[in-house]
1. Which residue out of ILE147, ILE143 is assigned to a loop (DSSP other than H, G, I, E, B) and modelled with pLDDT under 95?
2. Which one is modelled with the highest pLDDT, of the residues in segment 61-98 that are small (Gly, Ala, Ser) and not in a helix (DSSP H, G or I)?
3. Those residues that are in a strand (DSSP E or B) and closer than 21 Å to GLY133 by Cβ, I need them from segment 176-198; list them, please.
4. Could you look through segment 151-175, keep only residues that are in a loop (DSSP other than H, G, I, E, B) and under 10 Å from the mean Cα position of the chain (by Cα), and pick out the one that is surrounded by the fewest Cβ atoms within 10 Å (Cβ to Cβ)?
5. Just name the residue that is surrounded by the fewest Cβ atoms within 10 Å (Cβ to Cβ) out of those in segment 33-55 that are assigned to a helix (DSSP H, G or I) and in contact with a helix residue (DSSP H, G or I) (Cβ under 6 Å, 6 or more places away or on another chain).
Amino acid sequence: MVGDAYRFLIPILLASFVLAYLHYPALALLCLLPAAFVCLFFRNPRREIPAREGLVLSPADGKIVKITTLPAGADQGATQLVSIFLNIFDVHVNRSPIQGELENLEYIRGKFKMAFDEEASRVNEMNILTIRGRDIRIVVKQIAGFIARRVVCWKAPGHEMDRGEVIGLIRFGSRVDVLLPKEVRLLVKVGEKVKGGSSVLGEYS
């Protein structure tokens, strides 16, 4: 469980303790339901990180809802977009898809449209992470949704990240877009379920 969970979990447990102390056992037990949900939502399961060179991993758990070719002049020269939708029951911890330096981190204030809406990739609140590897540069967008009202990145520009390293999270249902250069050969398709840090999105030489 990641550290952000405790700001939600501790008040709930304190409320449960107070209710039990005041002899309201039913209400105290009822408080344990949201506590269990917080533990579930902020879970950070162990993942086996593929070791082979030239792989781009999924930065998030979820379902691939879009794969498309980008117009010329897109972010950092990327030519391909893979969009991953995270429902409220998916793991919401995000991971670095490659080994490399976090070259830039940009926060954009925006709207909170439903994360499965394609327009969310343009207008919603988001963090834009540019990661430069030895032979590749990738852009990852953490996009807030209607329920998710907070995008969190725990790394600062200049940080050297390992492939599969935990980099942040999006709270309560969201979307992650991955922008890739043409050198990456995609190995996934729309509708496929992926796991952050272990599923391979594509490969490159």
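The values are calculated or read from the model by the stated rules, or taken from the named source; none is laboratory data. Predicted, not measured: the structure shown is a model, and the values here were computed from it. Every residue, glycine as well, gets a Cβ built from its backbone with ideal geometry; the counts of neighbours run over all protein chains shown.
1. ILE147
2. From segment 61-98, those small (Gly, Ala, Ser) are 62, 72-74, 77-78, 83, 96; that's our starting set.
Pick out the ones that are also not in a helix (DSSP H, G or I) and you get 62, 72-74, 78, 83, 96.
On the way: GLY62: 94, ALA72: 69, GLY73: 61, ALA74: 65, ALA78: 83, SER83: 94, SER96: 97.
Among them, the one singled out is SER96.
3. VAL176, ASP177, VAL178, LEU179, LEU180, ARG185, LEU186, VAL194
4. Step one: filter segment 151-175 for residues in a loop (DSSP other than H, G, I, E, B), giving 154-159, 162-165, 171-173.
Add one more test, that the residue is under 10 Å from the mean Cα position of the chain (by Cα), and what stays is 171, 173.
Working: ARG171: 19, GLY173: 22.
Filtering first and then ranking leaves ARG171.
5. Among those that are assigned to a helix (DSSP H, G or I) and in contact with a helix residue (DSSP H, G or I) (Cβ under 6 Å, 6 or more places away or on another chain), it is PRO34.
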